[in-house]
Each structure stands twice: as structure tokens, then as C-alpha cells.
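Okay, structure first, notes after.
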Amino acid sequence: MDQPRRVEHQMTDKGYVPVYTSAIVEQPWSSYSSVEHQTWATLFTRQMALLPGRACDEFFDGMRDLGMSERAIPKFSDINQILLAKTGWTIIGVEGLLPEVDFFTHLANRRFPVTWWIRKPEQIDYISEPDLFHDLFGHVPLLMLPIFADYMQAYGEGGLKAARYGNEPLTELTRLYWYTVEFGLLNTANGLRIYGSGIVSSKSESLYSLESAAPNRIGFDLKRVMCTRYRIDTFQKTYFVIDSFEQLFRATVDPDFGPIYYELKGSPAFAAGEVRDNDRVFQRGSGEGWLQDGDV
Ligand SMILES: [Fe+2]
């Protein structure tokens, strides 16, 4: 396999992470090895067995319509034919995590960056940075859902604005992404369901986020989420629950973020595991197994 071009390690609001060249790369599909296709197959099969009754219906609808299967790593060009026709989004190949403004610019233009390389077999259960499986399996099915596709574009536009306001707004907006796109839960008539990509692409967190007594599960509130620190090294202490994708979209499109940033300016952020008096609590977590420090 070719090697991704890592530029440097940088301290960011997601911790100390590698930052890659922002170049868009062609997916080197024909150079994936049989081991890499097998890694995809193992992860795909395992999650698709685990997620029924746990992930939301919209995730499965998107997965089915995109035609992803365990047979091989999907070709980005095949995905794009379907995705573009459905919601006007495309996926683009990248080397890994992008600098924030590049990332926001892609989202604002309905392009989702997908890491072209897949984890090694010994990383099946955990990898600290996004790879192809996380990005493609975790994120892309919901881009088939028009309202979620619109939310992602609005988020990118919001990110570009936040970047002009400075570091604090950027941190607050990053928390919104973290607690929705990556680790969000959805309230349905049949119970809580997963829609966050960081959960659907992880076997252990798929179980933990829904079934463990340890984490808090709290109703989504925009400002509350924007003030809440999070974990990058362990399961989340708190999951935020939306009632609908419409609610999520409206939370990003309706408010003028300028006044919100002004209102939140200088206010201390809540710890990742804190429960507030006016929270809508679905579950107050037992806190079992929580590390005491390390919120970012
Ligand atoms: Fe992600």
C-alpha cells in the first residue's frame, strides 16, 4: 500500500493529532491488497450484524442505496454516482484529517473528505485517527438523507464563519460536530438509536453508547452542547440525544451564531460528564470507569 503523506503533528482542539496534506487524492483502488479488502470485510460484517436495532433506520437506508457490501472496499467513483444524484454530495479522497478551514470549505461545497487508507489488521478494534472505514462506513450513509446532507453543508458554512471569529467560536462549533455528527443519538418511537459516525464505526462504542449504565444521555440543546468538553481517548461520558434530524438542521440554520458566540464568550465550559439542572435527562450516568481528567 502507498503511504499517506503526513505533514506534521499539531496540537489542536482534538488533542495532539497528525495533520496531513490537504491535497485531494485519487483513491488508489487497484493497489489495495487482499488483506486490506479483508479488513474492510471483517469490519463491515461485524458492524452490520451488530447495528440492527441500534443504528437509526436512515443509516441503513443510506447504506442499502449506496450498495456498500462486505465484498470489497467500495470505489469512491461508484459511491459518487449514487450520492451525487441523491443529495448533490460527493466524496473526495484525502490522506487523513484536514486542517479545519480546508475541512469546512469542503463541507460548505458538499464535498466530504474520506481517508483513502484503511487500518491495519491489528487495529481492527481501535484506531486513534479516522481511516477509510470510519469515514466511509460511518459518515457517508447519512449523506444520502437530504436533511442531514443540508445540515452538513450548513455546518461547513458555520465553520467558515466561526474561523473568522477566532479560536473560542471554533472550539464551540467543533463540540457541536463532535456531539452530533460523530457521537449523536436519535430518539425514536422504538427507543434511542445511533446516528453518530464515531459510534456506528466502533463495535464497543455501539454497545456502550446505548446499553451501558455509565454515560449520561441528555437531550440535545445547542448552547449546552457548544459548552461541553469531550473525550477523544475513551468512550464519551455524555451522549446528546436529538428528537429528529429536522431539529438538528434547524439548530444550525436558524440561529445567528454571532450572538451565541458573544453570549458564550469567556464562560467556562462544562466537564464532559457534568449533568446540569435544566438538562433533559434520558439517563444520568453512573460514571463507572470514568477517568477524572483528560476532557478536551
Ligand atoms: Fe468522523
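What follows draws every value from the coordinates through simple rules; no lab data is involved. In this text, all values refer to a predicted model and were calculated from it rather than measured experimentally. No Cβ is skipped: glycine too gets one built from the backbone with ideal geometry, and neighbour counts run over all protein chains shown.
Annotations
- Across the stretch 87-103, rounded Karplus estimates of 3J(HN,Hα) from the backbone phi angles (6.51 cos²θ - 1.76 cosθ + 1.60, θ = phi - 60°) give 10, x, 8, 10, 9, 10, x, 9, 7, x, 3, 9, x, 4, 5, 4, 4 Hz, Gly and Pro being marked x.
- Taking the chain and dividing mean pair separation by its residue count, relative contact order in percent (alpha carbons under 8 Å, at least six apart): 17 percent
- With 32 Å as the limit, the listed pairs Lys86/Lys203; Lys75/Lys223; Lys237/Lys265; Lys75/Lys237; Lys120/Lys161 have Lys75/Lys223; Lys75/Lys237; Lys120/Lys161 beyond it between alpha carbons.
- Selection of trypsin sites (Lys or Arg not before Pro), the stretch 71-110, meeting DSSP coil and at most 15 other Cβ within 10 Å: Arg71, Lys75
- Gaussian network model of the chain, springs between alpha carbon atoms under 10 Å - residue of Ala271, Ala214, Ala85 with greatest fluctuation: Ala85
- Sequence-distant residues sharing a close amide H with Ile194 (under 5 Å, placed H): Ala55, Cys56, Leu186
- Over the stretch 136-267, Cα pairs under 8 Å with separation of 6+ residues give a relative contact order of 29 percent.
- With a Förster radius of 45 Å applied to the C-beta separation of Ser33 and Leu291, the computed FRET efficiency comes to 0.75.
- Length available on full extension from Asn278 to Arg164: 0.36 nm per residue minus the Cα-Cα distance, which gives 37.9 nm.
- Hull shadow area, averaged, the stretch 180-259 [alpha-carbon convex hull, nm²]: 5.6 nm²
- FRET E, pair Ala41, Glu211, Förster distance 22 Å, beta-carbon r, rounded to 0.05: 0.30
- Among the GluC sites (Glu not before Pro) within the stretch 200-296, those in coil by DSSP and having at most 13 neighbouring Cβ atoms inside 10 Å are Glu288.
- Calculated FRET efficiency, Ser77 to Ala23, Cβ-Cβ distance, R0 = 22 Å: about 0.75 to the nearest 0.05.
- Computed from the C-alpha gyration tensor, the three semi-axes of the ellipsoid equivalent to the stretch 6-283 are 28, 22, 18 Å, from longest to shortest.
- In nm, spacing of pseudo-spin labels at Glu129 and Glu246 (7 Å Cα→C-beta vector): 4.1 nm
- Simple spin-label estimate for Ser267 and Ala85 in nanometres, 7 Å along Cα-Cβ: 4.7 nm
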